[in-house]
Structure formats: C-alpha cells, structure tokens
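Structure, as structure tokens:
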Amino acid sequence: TESNASSLTTALGGLAGVIGVEQMISTADKINTSWNTLKLTFGDTTSIMNDLTTKTNQAANATGRSGGQIREYFNQMGIAGVTNTNLLSSSFAALSGKAYQTGNSIESMETRLQRMVMTGNASGMALQKLGIDAQDLATAMGVSVDQVSEAFANLTPEERLQAITQAMGDGAQANEMYKNSYEGLKAQADAAMAGLMGAVGQAILPVVVP
C-alpha cells in the first residue's frame with residue numbers, strides 16, 4: 001500500500017542517514033560484482049546460480065566466513081578448472097579450518113592452492129602454506145611420498161583439489177573454534193551488517209546507476 005511504501009522509504013532514508021548512502025551503494029556494488037564474476041566463470045544460468053547460492057550459504061554456515069570470501073574462492077577455483085560445487089564447498093571448509101589452525105590468511109592460502117590446482121606442482125613450500133606436507137598428500141592419494149609429485153601432476157584440476165582437500169581434513173573442529181572466537185564473531189557481525197547494507201544499497205543503486 002501507499003502507507004507501507006512511505007514507511008519503507010522513511011526507514012531506508014533513516015538507515016541511509018546513519019550508515020551513509022555512498023557506503024551502502026558501494027557494498028551493494030561489490031556484492032553484485034562478486035556474483036557477476038561467478039556468472040562469467042561458471043555460466044549465467046538460473047540452475048547454476050541457484051546451486052552456487054546454496055553452496056555459498058552452506059560454506060558460510062559451516063565456517064563463519066563471509067559470503068564475499070567464499071564467492072571469491074569459488075571464482076578462483078572455477079578459473080583453475082573446478083566446477084564441482086560440492087567440492088568447492090567442502091574444499092573451502094577445509095581451507096578455512098587450516099587458515100585458523102595455521103594463522104595464515106584465507107586469501108594467501110587460496111592463491112597457493114589455485115596455483116597448485118592449475119599447474120599440478122605440489123611443492124613442499126606450497127603444501128606447508130596449506131598446513132600439510134608431502135606425506136599428508138601421499139596418504140590422501142594412496143601413493144608413496146616419492147611418487148607424489150608425478151602422481152599429482154597427472155591428475156585433473158578437480159582431482160588435485162579433491163586430493164588436497166582430503167589431505168587438509170574437513171576443518172570442522174577448527175571452523176567451530178573460529179566461529180566462537182572473537183575474530184570469528186566479529187567477522188560474522190561484520191558480514192551481517194554488510195548484508196544489511198547491501199540489501200538497502202540494492203534498493204538505492206538503480207536510482208544512482210539507471
């Protein structure tokens with residue numbers, strides 16, 4: 001109704017005054033951009049985007065990480081040749097757990113992981129960055145340590161990510177610890193605020209960018 005529309009407009013205006021219109025629009029634009037990059041990488045179909053949305057939400061619930069971080073990870077792994085969304089979700093959970101355990105940032109670990117998945121080069125330094133070693137990867141692959149390099153190089157990108165994910169473990173315990181830590185609680189609060197800002201920004205964005 002006209003009354004409800006007026007109330008919504010007033011509420012949006014009040015929120016905009018507190019947070020800042022530019023900040024809300026910027027947040028909405030960043031969210032749009034992250035989804036657009038996924039469309040370019042995986043294909044712009046309703047079924048694919050619905051699946052990626054579901055897997056993003058699952059990964060966020062499992063890890064306490066932000067949707068933006070998860071979508072960026074999905075995109076980078078998609079560029080590396082991984083399209084299995086179940087694997088994307090489970091591998092992110094494994095990486096998130098190792099990030100908490102090692103104290104390394106997800107972004108730096110993601111860069112190493114993408115390079116390994118794309119090139120098939122499982123160097124000791126790269127594995128160490130992920131919180132694992134050659135023996136962990138050998139066990140996951142069912143080969144001896146001296147066979148790891150050649151065997152890993154002969155896998156497909158998805159098989160490489162699957163092997164590394166298995167070597168890292170599911171990350172469940174570490175992710176629960178992260179979610180209940182000060183850093184994790186703050187990150188979840190920030191993500192909730194970003195979601196609110198993005199939702200309001202989406203309503204304003206068409207006015208600013210027709």
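Here, each number is a calculation from the coordinates, and none is a lab measurement. What you are looking at is a predicted structure, and each value in this text was computed from that prediction instead of being measured. Reconstructed Cβ throughout: ideal geometry from the backbone, glycine too, with neighbour counts over all protein chains shown.
When the inverse distances between all different Cα atoms of the range 50-172 are averaged and flipped, the Kirkwood radius reads 14.1 angstrom.
Taking a Cβ cut-off of under 15 Å around residue 96, the surrounding Lys, Arg, Asp and Glu residues balance to a net charge of +1, with basic ones at +1 and acidic ones at -1. Which of the lysines could a cross-linker span from residue 98 if the Cα-Cα distance has to be under 18 Å and same-chain partners fewer than 8 positions apart are dropped? Counting by Cα, and skipping residues close in sequence, residue 98 has these lysines nearby: 129, 179. Structural descriptor for the range 60-140: relative contact order 26 percent, calculated from alpha carbon pairs under 8 angstrom and at least 6 residues apart. Cross-link partners of residue 39 among lysines, defined as those whose alpha carbon lies under 26 angstrom from its own and excluding same-chain residues fewer than eight positions apart: 30, 55.
Its residue count N sets the reference 2.2 N^0.38 Å, and the alpha-carbon radius of gyration of the range 76-127 equals 1.10 times that reference.
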